[in-house]
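Notes to accompany the following structure.
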Amino acid sequence: MIESRFSRQIRFAPFGPEGQERLAQSTAVIVGCGALGTIQATLLARAGIGTLRLIDRDYVEESNLQRQVLYTENDARAGLPKAQAARLHLLEANSGVNIEALVSDLNPENADDLLGGADAILDGTDNFETRLLINDYSVRENIPWIYGAAVGSYGIAMPILPGDSACFRCIYPEPPAGVQPTCETAGVLGPVTSLIGSIQAMEAVKILAGRAPSVRRKIFTADLWTGPVRETAMPPRDPECPACARREFTFLNGQRRAPVSLCGRNAVQIHELRRPVNLTQLAARLEGLGPVRANEFALRFHDGEHEVTVFADGRAIVKGTTDVGVARGVYSRYVGN
Ligand SMILES: [Zn+2]
């Protein structure tokens with residue numbers, strides 16, 4: 001059964017039956033189930049990984065469907081959280097994988113809970129602050145992770161092997177300053193995110209199957225519209241790197257916080273008020289004030305001006321503003337403070 005299901009990759013000699021066995025006992029964490037994350041999750045689940053932990057704070061929207069290959073129109077209509085929707089679809093592809101779906105936002109306080117026990121971490125996020133947090137955790141706990149990013153027709157991927165290769169902070173000591181192009185402002189093409197997610201999944205499979213020496217220690221970049229596809233050598237480790245040399249985990253220790261406003265979107269995330277919300281009760285309370293819809297994971301409410309999505313852990317995304325003050329006001333008006 002196992003033999004026939006995975007026969008094509010087992011037959012690939014450098015992977016082999018031993019690689020399959022080790023993969024089946026491994027755990028990977030995917031941070032962010034957007035375009036990159038859904039490709040990574042699809043490939044790892046189908047390849048027969050043991051445990052896949054999916055972390056995502058957002059819900060499925062129609063504009064995701066062009067590139068986030070796991071989701072369907074039904075998921076968008078139902079407003080399902082991405083982690084939950086991804087889990088359901090992945091189990092249809094391989095019911096033998098243990099899939100933990102966490103509708104949550106990775107931050108310094110929950111990093112141990114969300115990333116602990118991982119054999120590899122895959123980057124499916126859209127911002128540098130979270131990547132620097134993943135890097136701090138990875139270096140501190142000696143867990144390999146695979147960076148990936150895509151915008152427009154351009155993508156980049158790079159494996160980080162703590163204690164061996166340069167770490168992310170050796171290369172990017174600080175988040176880039178100024179306004180960066182985002183998928184919302186500059187667009188993004190599905191083949192690019194699929195390529196980058198595939199490269200990340202490939203390097204993760206090597207690590208999880210006990211084939212880390214085969215990891216390609218290169219920075220891969222590609223522009224699939226204009227042509228150049230390159231691999232450049234990773235720079236050496238920075239002997240002054242705050243993370244891997246001095247072991248100062250600035251982002252993990254919470255001296256720096258992830259931004260409240262969402263990557264280029266006309267929306268703000270409220271995540272500092274952490275306490276569970278009874279979504280059924282809240283739905284009943286909001287009913288007379290505007291259209292409201294709730295499932296067990298999330299509630300969506302529209303007051304005519306703003307759309308508020310509240311998750312069961314108390315976190316919310318307020319759409320229709322980029323003003324943090326306005327979003328906080330909307331939150332306290334309808335959810336409480
Ligand atoms: Zn470093």
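Points to keep in mind about this one:
- Computing FRET efficiency as 1/(1 + (r/R0)^6) for residue 174 and residue 66, where r is the C-beta to C-beta distance and R0 is 25 Å, gives about 0.20.
- Helix 190-208 axis versus longest C-alpha principal axis of the chain: approximately 60°, rounded to the nearest ten.
- For residue 319, a cut-off of 26 angstrom between C-alpha atoms picks up these lysines, skipping any fewer than 8 places away in its own chain: 82.
- Shape of the chain from the C-alpha gyration tensor: prolate (a/c of 1.5 or more and a/b above b/c, with a ≥ b ≥ c the square roots of its eigenvalues).
- Taking all pairs of distinct alpha-carbon atoms in region 34-158, Kirkwood radius in angstrom: 15.0
- Cα-based helix-to-principal-axis angle, 82-93 vs the chain, degrees rounded to 10: 50
- Of all segments of the chain bounded by GluC sites (Glu not before Pro) found in a DSSP loop with no more than 16 other C-beta atoms within 10 Å, the longest spans 110-239.
- Helical content of the chain, expressed as a calculated mean residue ellipticity at 222 nm, amounts to -9500 deg cm²/dmol (DSSP H runs of 4 or more residues, -39,500 (n - 2.57) each, divided by residue number, nearest 500).
- Ranking of 194, 4, 214 by neighbouring Cβ atoms within 10 Å, starting from the fewest: 4, 214, 194.
- Exposure proxy shown here: for 54, 115, the number of other Cβ atoms within 10 Å sets the order, fewest to most, as 115, 54.
- The chymotrypsin sites (Phe, Trp or Tyr not before Pro) found in region 204-249 that occupy coil by DSSP, while having at most 14 further C-beta atoms within 10 Å, are 225.
- Once the chain from residue 98 to residue 285 is taken as fully extended at 0.36 nm per residue, the excess over their C-alpha distance is 63.7 nm.
- Listed from fewest to most Cβ neighbours within 10 Å, the set 300, 333, 237 follows the order 333, 237, 300.
- C-alpha long axis of helix 128-141 to longest principal axis of the chain, angle in °: 50
Read the figures in this text as sums done on the coordinates, not as results from a lab. Keep in mind that this is a model prediction, so the values were computed, not measured. Methodologically, a virtual Cβ is constructed for each residue, glycine included, from the backbone with ideal geometry; neighbour enumeration extends over all protein chains shown.
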